[in-house]
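A short worksheet on the structure shown next.
Just so it is clear, none of the values below were taken in a lab; they were calculated from the coordinates. No experiment lies behind these values; they were computed from the predicted model shown. Reconstructed Cβ throughout: ideal geometry from the backbone, glycine too, with neighbour counts over all protein chains shown.
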Amino acid sequence: MTNHYNRRRDQASAPEDRLTSLHNDLLISILSFLPIKQRVALSAVCSRFLRLLPSIPRLDAFRLEVVHPSGGVDISQHFTFPRALIRQCHIVFHKFTYLSKRLEQLLVEDLVEVGVQDLILETAGERLLNLSGKENCGFFGLKSLRSLSLQGISVGCFDGHPHPPPIACTLLSSLKIKHCDLHRNDFLRAFLISCPFLETLHFIYSNECGGNLSIHSASIKHLVLLFTHSTASGTINVRCPNLESLTVDVASELRIEAPKVRNASLLLGLYPATDPLYALMKVLGAAFGINDAWLMLNSNTTPNGLTAGQENYRIFSPEYKEDAVIFNVDFDLKDQSSAMILTQFLKKCNNNKTRFDIRVDAMHIQSTNEMARDDHLLHGSTYVELIKLRMIMPEKTFEKFLSNQKRMEEEIKQTVLQKLKSRTSKEQFKDILVSNESLVQVSSSITNCIEIKF
């Protein structure tokens, strides 16, 4: 009797829930006046609100142009975010050299409101945009972020703060930094520590630590590390047990530990462009004193840096493509002969000054490895893995080649045969000749390119 009385008393004292009794159309109209963040929060406490959550407008991508104000105009009146959930937001700053804390706060509040997952911050023009750089940076505190891309951004230079800003976007899986200045504040290390799910990291032509860089991560699968020529003298140390692809400058010292990697490509640039035969003889011959060398490692298929549409080919500026002969050499690291030739190429970089210690799959490639000098090891198997080489050149150089194509192909073929003969047994060399395999041909898929096997 007492329990029944208490139950009736509780029902009488409970407030009447009129909101959830409304029709869906009317309820959606009411919810539309609430900030998006509050609508999402309501869906967590009411199953009916959760069912209505898909009615919130969603945008796959939104681009915002932020122009520096003049005449004391309130900058907040010059940009508006749509009242919708936004997956990717691309913000471009025009004529900014410094981002005030007030403007940063306004932008971050809106980004939180729209639940952004992929954020791109970019500076238009040549000047870098300096973020506030105090003890924290709001853009790095967006917990909803899954992907972050910075281009033309400077972080941490105004207060001389030696430590990187706190990183709160712990679910980040992709970080891309291009043409940025991080003022040696251990910015990358902060992300590696704070983001245990980071799988993709691109660090392209940016300043972090003068060319000396260590990337140790158990989560990273795809890594791009490219510096300016002035930092090519540094040390690059990569230890990533789950790494599937890597593009890196051949710096003065390379230390790479990537046990899943099975294939490699080496990109070499000879500047200025020369006769194709002379360029080939120079690459296959003695050491060459160039700094333009890039190494690509891959766990599955061999990366081809010259294939149309490949991101690796974009590392070359248009001017460089017009004036240099670029070589792309592919190696199968499961084949001992192929791996040894890669070792020989790496040794020749920077006039034999490059040091390297690369541990991939079952292969250990070292600059002190004596295997490359033992010719008998090259003849240890009955099958020879032919090395694939692509040579892309400026249009004017390629036209000269075509004007004497038959003669040039024969001359290049003789050079290739000499290289083959030096690394094969007599029986292997005869088998290659009998097979009548085409060793030199014009590429059918790459413009101004000759494909060679040796």
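Summary of values
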| quantity | calculated |
| --- | --- |
| Dipole of the range 235-454, positive end: most advanced residue of V248, S317, L284 [Cβ charges, Cα centre] | L284 |
| Set of lysines with alpha-carbon distance to K143 below 28 Å, sequence-local pairs under 8 removed | K37, K101, K134, K176, K178, K221 |
| Positive minus negative residues near E451 (Lys, Arg vs Asp, Glu; Cβ under 9 Å) | +3 |
| Cα-based reach from K421 at 17 Å (exclusive), listing lysines while leaving out same-chain residues under 8 positions away | K388, K413, K430, K453 |
| DSSP beta bridge pairing in the range 235-454, given as percent antiparallel to the nearest 5 | 75 percent |
| Dipole magnitude (debye, nearest 20) for the range 235-454, charges at Cβ of Lys, Arg, Asp, Glu | 320 debye |
| FRET efficiency, 1/(1 + (r/R0)^6) with R0 25 Å, evaluated for E104 and R239 via beta carbons | 0.10 |
| Amide H within-cut-off set for S214, under 5 Å, with H built and near neighbours excluded | N237 |
| Under-5 Å amide H pairs with H202, H placed in peptide plane, nonlocal only | L175, K176, I177, V224 |
| Per-pair calculated FRET efficiency, R0 = 35 Å: K143 and H23 via Cβ, rounded to 0.05 | 0.55 |
| Average Cα contact separation per residue, the range 79-147, under 8 Å, 6 or more apart, as relative contact order % | 43 percent |
| J(HN,Hα) series, the range 95-103, from Karplus relation 6.51 cos²θ - 1.76 cosθ + 1.60, nearest Hz, glycine and proline x | 6, 9, 10, 9, 9, 5, 5, 5, 5 |
| Förster-model FRET efficiency, 41 Å R0, S403 and H222, C-beta, rounded to 0.05 | 0.45 |
